[in-house]
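Just below is one structure, and these are the notes that go with it.
Read the figures in this text as sums done on the coordinates, not as results from a lab. Here the structure is a predicted model, which means the values were calculated and not measured.
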């Protein structure tokens with residue numbers, strides 16, 4: 001496919017964004033947000049497990065964990081999680097040179113900086129349900145079938161598995177825009193399977209909302225209020 005690409009190390013990509021924000025004067029606080037605090041429907045602070053953080057505006061960009069914060073912002077959003085497992089093999093060669101999608105198996109095999117990754121499929125389960133690592137074993141079996149030469153050289157210490165939670169909404173569109181309790185809280189989550197691809201444009205739109213600039217796209221299709229009966 002022409003004019004396409006992929007990220008060889010999402011973790012390093014996100015860390016680079018964080019480092020750039022810090023360089024520009026941002027502050028990184030590692031805490032779990034619990035409660036949104038208001039005065040006259042304007043946000044004043046966020047209570048966390050590390051104490052209160054004062055603010056005059058916030059962006060809810062908590063992925064699959066955004067549902068409760070959205071509710072506190074006045075929006076009952078039917079956000080659910082599509083859980084997906086990743087199986088990564090740290091080998092120097094033996095796999096594909098490009099991302100390869102196998103539609104009959106509903107998986108994608110991708111060469112990463114950290115190894116060959118096979119991922120895909122969907123597990124419908126609760127946000128904090130116990131992982132079913134048998135799902136990762138199924139991915140291993142697919143990889144062994146698709147690349148038998150690769151399978152011959154896999155040792156246990158070369159394998160890592162991971163569970164991700166895709167934040168998904170019934171219509172397949174994210175939630176982006178002001179909350180029902182006013183413009184001091186902005187929704188930015190629910191991108192499902194395309195979070196990384198949609199992140200930069202979402203960030204641009206959110207920055208426009210925060211600076212009272214007219215967004216360069218129509219946000220009505222992405223409104224959290226679209227789910228009202």
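May I ask you to derive the relative contact order of the chain, considering only C-alpha pairs under 8 Å and at least 6 residues apart, and to give it as an integer percent?
Reported as a whole number, the value is 21 percent.
Give the distance, in whole Å, between the Cα centre of segment 86-146 and the Cα centre of segment 180-229.
Value for the Cα centre distance between the two parts: 31 Å.
Which three extents, in angstrom, do the Cα atoms of segment 80-168 have along their principal axes, listed largest first?
37, 27, 22
Normalising by the residue count of segment 80-168, find the relative contact order in percent from Cα pairs under 8 Å and 6+ residues apart.
Once normalised by length, the contact order is 46 percent.
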